[in-house]
Amino acid sequence: MTTLSVKKTSSKGIVIGKPFIVENPDLSADRTPSKDAAAEIALFEDALEKTQDELSELAAASDIFEGHLMIAMDSSLSDAVIAKINEGSNAQVALEDTVSEFAMIFEMMEDEYMKERSADVKDVGNRVMRKLKGIAGSSLSDIKEKVILVAKDLAPSDTAIIDLNYVMGFITELGGVTSHVSIIARNLELPALVGVNGIMNAVKKDDTIIMDAGKGTIIINPDSQTIAKYEKLAEEFRKHQAMLKELNHLPPVTIDGHHVSLCANVGNIDEIKQALKNNIDGIGLFRSEFLYMENSHFPTEEEQFKVYKEAAELLEGKEVTIRTLDIGGDKSLPYYTFDPEENPFLGWRAIRISLDLKDVFKAQLKALLRASAYGYIRIMFPMIISVEELEAAKAVLEECKQDLKLAGIPYDENIQIGIMIETPASVACVEQFAQMVDFFSIGTNDLTQYMLCVDRGNKKLASMYNSFHPAVLNSIQTVINAAHKYNVKCGMCGEFASDARAAKLLLGMGLDEFSMSAGEVPNVKYLIRNSNYLAEKEHTAEVLKNTKIADIMAALGEEE
Ligand code: PEP
Ligand code: MG
C-alpha cells in the first residue's frame, strides 16, 4: 500500500477503482535531414490520409472532430508542409514547424473563439505525427469499463473521445486547478487531483487506487480494511453532497438572521458560467492574470474590455471583483522576460509591476472602467504594502477616468476600489488603508506565507504553513475590526475562506464575504446556515485567547 498526498484538489469526491493509464508518447520530430523529398511527401500524404479517415469516423460522434477534420482537409496546411519538405525538411520536421506556425497565427487572433482553435491545430498535428512515427492511436475511445483516468495531461480532444460515463475520476501529473481537465471534472462533479508529481511512475495497470480528492490523498493497492473504510466514506460523501445541493437555493444567513455573502473565485469566463450554477452572491476574486498568462502578448485594452464586460453582464448586477494583474512570484508571462530574482515572492510582483509598467496598467484600468458601465465591477489591487503605493495606484486610476471622461466614454463614476490584505505591512497599516478604500479582501494564501515566513509552495514546510497560527488569526481579526470601524466591507478570497474548520470562526470574527471555488459554496453555506452568529462571536473571542495551534483546533472541536 502506497499513499501519495497532494495539495491541489480540482474537484472533490472519493472513488475506488482501477486506473486507466493514458500513455503520452514522445511526439517531437526526428530532426535527421531528409534525403528524398518525394519519399517524405509520400510518407506525409499517407499519414494525412489515415488521419482524415480516422477523423471522419470520429466526427460522427462529436462536433470537436468535425472541426478537426476540416483542419486536416484544409489544403493550406498540407501545402505548407509539402513546401517545407521541398525546401529540404523531412516530413516530421515540416509537419512540426508548420503546425507551430499555424497554431501561432490562431493564437495571435483577436477573437477568443479563433484563439482557441490553436489547440485544435496542435491536436490534428499530433494525430498526423503519430502516424508518421508509427505510434498506435490513442486507445481512450476503447474504455468500456469504469476507470480512474491517470495521465500526464489531458487535452480537450482526449476528453472528447472518452465515454465519460466510464470515468470515475481524473489524476494528472500536470495542469492546475483551472486547466481543462479540472474544469471538466468540476462540471461533471467527478473527483480530480492535478499536479500529482510522479503519479505516472507510481501506478501500474492492474493496481487498485483510492482517491480522496477532497483530502488530496491517493492510496495505491490499499488493504481490504482501508477499502472498507473508504467505501463507507464515499457513501457518506455522496449523501452529504446530495443534501447540500438540495439546500443550496437558500440564502447564506445564520439561524439568528445574520447575513454574509458567499462569492466565487474565478480565472476566466467559463468559470464564471460554471460558478453561476452554484447560486453565488457574486465574484469575490477574478484573477485577471490568467488573461495575461494564456496570451501571446499583453492583452490590449479592447481585448480585456470584452472579457470584463462579459463578466459584468453575466453577473446581472451582482458584484464582480476584478483583481489587477498579479504576476511575478510563481507566475510568469510567455512573452515577457523577468530578470532572475533571489526571492521572487519578495520581488517584483503584482502592484509593483503595474506601477512600473504604466501603459500596461492603464490599459487594464481603462478596460475595467469601461466595462463598469455594464454591471457592478469592483477593482482590487494586489499585494499593497504602503499608503504611497495605494495613492500611486489610485492616481493612475484617476488619470484613466479623466482620459475616458475627455473621450466621452461612460464608466461607473462610483466604482468601488479595494485592496488585497495579504502582507504583514497591510495588516499593520490597516487603519490607514481602511480610510482609503471601499473594501478589503484578505488573501490568506499569501498572508500566511508572509506572516509566518513559510513559502506557500515549499513541500518540506507544508506542515508549518498553517492559517490557524494565532498570528494569522489575530491579523484577520484586526483587519475585520479596522474595516468595520470605517464602514468598509471585509471579505476573504484566500483558500482559508472555504476551510470547513474555519467557517464558524470567520463568521464569529465578523467576516462579511467569503469567496472561494464555487463548488465549495454549498458546504460553507450549510455551515453558516447552521450557526448562530452571536454564539459564534462569543466563542471566537474564546478561541483567539489560545496561543498554540493545537489549543485553537481543540477549542474549535477540530483535528489539527
Ligand atoms: C491570496 O494570496 O490569498 C490570494 C487569494 O491570491 P493568490 O492565491 O492568487 O496569490
Ligand atoms: Mg495573493
Selection status of residue 430, closer than 19 Å to residue 496 by Cβ and more than 16 Å from ligand 2 (Cβ to nearest atom): yes
Among the residues listed as 424, 410, 470, the single one being in the same structural domain as residue 346 (by TED's automatic domain parsing), over 25 Å from the mean Cα position of the chain (by Cα), at pLDDT 95 or above and within 16 Å of ligand 2 (Cβ to nearest atom): 424
Filtered residue count, segment 266-291, keeping only those that are touching a helix residue (DSSP H, G or I) at 6+ places or on another chain (Cβ under 9 Å), assigned to a strand (DSSP E or B) and open to solvent by 20 Å² or more (accessible area, probe 1.4 Å): 0
Residues satisfying the stated conditions in segment 456-467, i.e. more than 13 Å from ligand 1 (Cβ to nearest atom), in contact with a Leu (Cβ under 8 Å, 6 or more places away or on another chain) and not polar (S, T, N, Q): 464
Candidate set: segment 400-424, residues that are surrounded by fewer than 15 Cβ atoms within 10 Å (Cβ to Cβ) and charged (D, E, K, R); chosen: the one farthest from ligand 1 (Cβ to nearest atom): 405
Output for segment 502-522, where each listed residue is in contact (Cβ under 8 Å) with a residue 24 or more places away in the chain and either open to solvent by 30 Å² or more (accessible area, probe 1.4 Å) or within 20 Å of residue 270 (Cα to Cα) (or both): 504, 512, 515, 516, 517, 518, 519, 521, 522
Lone unmet requirement of (1) out of contact with any helix residue (DSSP H, G or I) (no Cβ under 7 Å at 6 or more places or on another chain); (2) touching a residue at least 24 places away in the same chain (Cβ under 8 Å) for residue 259: (2)
Pairs, first open to solvent by 10 Å² or more (accessible area, probe 1.4 Å) and assigned to a helix (DSSP H, G or I) in segment 425-447, second more than 10 Å from ligand 2 (Cβ to nearest atom) and of a type outside the set (Val, Ile, Thr), C-beta under 6 Å, six or more apart: 427/475; 431/482; 445/495
Condition check for residue 433: among the aromatic types (Phe, Trp, Tyr) and within 25 Å of the chain's Cα centre (by Cα): no
Filter result for residue 352 (at pLDDT 95 or above, within 16 Å of ligand 1 (Cβ to nearest atom) and open to solvent by 50 Å² or more (accessible area, probe 1.4 Å)): yes
In segment 70-85, the residues that are among the aliphatic types (A, V, I, L, M) and over 34 Å from the mean Cα position of the chain (by Cα): 73, 80, 81, 82, 83, 85
Yes/no for residue 85 being modelled with pLDDT of 90 or more and within 27 Å of residue 32 (Cα to Cα): yes
Lone qualifier among 230, 166 - being among the aromatic types (Phe, Trp, Tyr) and buried (at least 19 other Cβ atoms within 10 Å of the Cβ): 230
Any hit, segment 532-544, residues being open to solvent by less than 30 Å² (accessible area, probe 1.4 Å), modelled with pLDDT of 95 or more and small (Gly, Ala, Ser): no
Single residue of 325, 365 found to be modelled with pLDDT of 95 or more and assigned to a helix (DSSP H, G or I): 365
Meets criteria (within 16 Å of ligand 2 (Cβ to nearest atom), among the aromatic types (Phe, Trp, Tyr) and over 17 Å from residue 543 (Cβ atoms)) for residue 440: yes
Identity of the residue in segment 7-36, modelled with pLDDT under 80 and outside any loop (DSSP other than H, G, I, E, B), that ends up surrounded by the fewest Cβ atoms within 10 Å (Cβ to Cβ): 9
Check on residue 534, out of contact with any Ser or Thr (no Cβ under 6 Å at 6 or more places or on another chain) and closer than 17 Å to residue 264 by Cα: no
Residue check for residue 487: away from ligand 2 (no atom under 16 Å from the Cβ), without any contact (Cβ under 8 Å) to a residue 60 or more places away in the chain and open to solvent by 60 Å² or more (accessible area, probe 1.4 Å): yes
Where residue 560 falls short, out of the listed (1) part of a helix (DSSP H, G or I); (2) open to solvent by 30 Å² or more (accessible area, probe 1.4 Å); (3) farther than 22 Å from residue 10 by Cα: (1)
Any chance residue 256 is surrounded by fewer than 18 Cβ atoms within 10 Å (Cβ to Cβ), over 28 Å from residue 444 (Cβ atoms) and away from ligand 1 (no atom under 16 Å from the Cβ): no
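The values are calculated or read from the model by the stated rules, or taken from the named source; none is laboratory data. No experiment lies behind these values; they were computed from the predicted model shown. With ideal geometry, Cβ positions are generated from the backbone for all residues, glycine too; neighbour counts draw on all protein chains shown. Note: accessible area is taken over every heavy atom of the protein model, side chains too, but ligands, DNA and RNA are not part of it. Shrake-Rupley method; radii C 1.70, N 1.55, O 1.52, S 1.80 Å.
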